[in-house]
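Engineer: The structure under discussion is supplied below as structure tokens; questions concerning it will follow.
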Amino acid sequence: MNLWLALSGTLPALFLMWYVERHDAKRPEPRSLLRKTALFGGLATIPCIVIQVALSGGGKVAPSGAGEALFTAYVVAALTEESAKALCLYLAVWRHPAFDERFDGIVYGTRAGLGFALVENVGYLLGAHSLSGFLGIFIMRAVLAVPGHAIW
């Protein structure tokens, strides 16, 4: 697939970043800190890939039973990704003076998750082999995965 087409996968995450930031209008967070948190979230995909490949045995064989599928879903994917995003929050903003109210946790948490989703989305879209495959991946990830990364 075309790189420019795959980069359209950034749009759902960028839109949700704007949407959450818009709701923090009373005491907005510093833009530099928001960018730093999103960057940390995006960079967190790198160690997650390495850990997930190691935990899944190289990723060559799909899970064959319910136990393996549960392990893949909850340990390989969820535990590694959510831990990485929590670590992003800790490293980027936890002790920063701007992180001073409850809603800030939502703003920065969604920003880290959406930075992660942005990079992951482009990666999945680069793997599309046809336009119909691209559209299916784009729609499903825009509706499910990107908001999921923001929420979880």
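Engineer: Can you tell me the alpha carbon radius of gyration of segment 1-91 divided by the globular rule-of-thumb value 2.2 N^0.38 Å?
Structural biologist: Rg over 2.2 N^0.38 Å, computed on Cα atoms: 1.37.
Engineer: Does anyone have the angle between helix 10-22 and the longest principal axis of the chain? Alpha-carbon axes, 0 to 90°, nearest 10?
Structural biologist: 30
Engineer: Rounded, prolate or oblate: which one fits segment 90-136, using the alpha carbon gyration tensor with axes a ≥ b ≥ c (rounded when a/c is under 1.5, else prolate when a/b beats b/c, else oblate)?
Structural biologist: prolate
Engineer: Using Cα pairs closer than 8 Å and at least 6 residues apart in sequence, work out the relative contact order for the chain, in percent.
Structural biologist: Averaging sequence separation for qualifying contacts and normalising by length gives 43 percent for the chain.
Engineer: Which of Lys85, Lys26, Lys36 moves most in a GNM of the chain, Cα contacts under 10 Å?
Structural biologist: Lys26
Engineer: Here is a further query. Please give, to one decimal in nm, the separation of the simple spin-label points placed at Ile151 and Lys26, each 7 Å out from Cα toward the Cβ.
Structural biologist: 2.5
Engineer: Still on this structure, please answer the following. Of Gly123, Gly109, Gly57, which is the most mobile in a GNM of the chain whose springs link Cα atoms less than 10 angstrom apart?
Structural biologist: Gly57
Engineer: With the other protein chains left in place, how much accessible area per residue, in square angstrom, belongs to the chain at a 1.4 angstrom probe?
Structural biologist: 60
Engineer: Shifting gears a bit: Give the carbon-plus-sulfur fraction of the accessible surface of segment 2-152 in %, rounded to a whole number; probe 1.4 Å, heavy atoms of protein chains only.
Structural biologist: Here carbon and sulfur together make up 71 percent of the probe-accessible area.
Engineer: If R₀ is 35 angstrom, what is the calculated FRET efficiency for the pair Asn2 and Glu68, using the beta carbon separation as r and rounding to 0.05?
Structural biologist: 0.50
Engineer: What list of ³J(HN,Hα) values in whole Hz, one per residue of segment 96-108 in order, does the Karplus curve 6.51 cos²θ - 1.76 cosθ + 1.60 (θ = phi - 60°) give from phi, with Gly and Pro shown as x?
Structural biologist: Working through the residues one at a time gives 6, x, 6, 8, 10, 8, 4, 5, 4, x, 5, 4, 6 Hz.
Engineer: While we're here: How much mean residue ellipticity at 222 nm does the chain get from its helices, if each DSSP H run of length 4 or more adds -39500 (n - 2.57) and you divide by all residues, to the nearest 500 deg cm²/dmol?
Structural biologist: -20500 deg cm²/dmol
Engineer: Would you mind estimating how fast the chain diffuses translationally, via Stokes-Einstein at 4 °C and 1.567 mPa s with the Kirkwood radius over Cα pairs, in µm²/s?
Structural biologist: Approximately 80 µm²/s, per Stokes-Einstein.
The values are calculated or read from the model by the stated rules, or taken from the named source; none is laboratory data. Given the structure is predicted, the values throughout are model-derived calculations rather than measurements. No Cβ is skipped: glycine too gets one built from the backbone with ideal geometry, and neighbour counts run over all protein chains shown. Each accessible area value is taken on the protein alone, full model and side chains, heavy atoms only, with ligands, DNA and RNA left out. Shrake-Rupley method; radii C 1.70, N 1.55, O 1.52, S 1.80 Å.
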